[in-house]
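Some notes on the structure that comes next.
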Amino acid sequence: MKKENLHIRAIRYFYDIVGELDEVSYATLTNFGNNMYMLFMTVTLVSFLVSFALGEDVMGISLFLTLVYSQFKQDAIIKQMGLDKLFVAKADVKLARKKMMKRTLFQTLQIAVYSLLVSICLWQSQIPQESGTSAAEYFQFVTPMTVVLLTLVGFLSFNIVNRKKIKLI
């Protein structure tokens, strides 16, 4: 196995790739990254102009929806190229399970951060305040319980899915 440079390792972690990354896959992912950068810049500019024209803040929701779209598109591209599967020999199954557990923990960390950010966005949008929820109640009880529950469910589901992605040669 040849040593990967920092850029390739960053692409592997950012796109959550466990399979072999050849030149075609690398070029496809680079093109996707460039397209998503352009999409984010366009959405940022348009959101700013709309916010300025309407006097309403639409920047946060626009960028959040763009992030969600890019994540779904990223998943589709990774699955289409087969980079989410790990092909191993029978002797290397234990090592593959360890690698997939690291992947599961990384994905679980992402879910925890996303659920925390969604909780903060809900508070900023004034939705909990309309039902009479205080800040102390929301951030000391509702937010931690939501984050813990979603993180636990995310860990269990990612663990099951990632173990199924180990394919024997």
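Every number here is computed from the coordinates shown, using simple stated rules; none is lab data. Computed from a predicted structure; not experimentally measured. Note: ideal-geometry Cβ built from the backbone for every residue, glycine included; neighbour counts use all protein chains shown.
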Q) About the Cα centre of region 86-169, what is the dipole size in debye to 20, counting +1 per Lys and Arg Cβ and -1 per Asp and Glu Cβ, all else neutral? A) 1080
**Q.** Normalised contact order of region 86-169, rounded percent, pairs of Cα under 8 Å and 6 or more residues apart
**A.** 62
Q. Can you count the Lys pairs in the chain with C-alpha separation below 12 Å, eight or more apart or on different chains?
A. 7
Q: Work out the charge dipole of region 1-84 with +1 on the Cβ of Lys and Arg and -1 on the Cβ of Asp and Glu about the Cα centre, then indicate which of Ser51, His7, Gln71 is farthest towards its positive end.
A: His7
**Q.** Highest-fluctuation residue, Thr133, Thr44, Thr108 considered, GNM on the chain with Cα pairs under 10 Å
**A.** Thr133
Q. What longest range of the chain stays clear of loop-exposed GluC sites (Glu not before Pro) (DSSP non-H/G/I/E/B, at most 13 other C-beta within 10 angstrom)?
A. 57-169
Q | Residue of Ile78, Ile11, Ile127 that the Gaussian network model of the chain assigns the largest fluctuation, springs spanning Cα pairs under 10 Å | A | Ile127
Q: Could you work out which residue, out of Ala27, Ala136, Ala76, moves most in a Gaussian network model of the chain, that is, has the largest mean-square fluctuation with Cα springs under 10 Å?
A: Ala136
Q: Identify which of the listed values of P(r) over Cα pairs in 5 Å bins from 0, in percent was calculated from the structure shown: [x] 1, 8, 17, 21, 22, 19, 9, 2, 0; [y] 1, 7, 12, 15, 16, 14, 13, 9, 6, 4, 2, 1, 0; [z] 1, 6, 8, 9, 7, 6, 5, 4, 4, 4, 4, 3, 3, 3, 3, 3, 3, 3, 3, 3, 3, 2, 2, 2, 2, 2, 1, 1, 0, 0, 0.
A: [y]
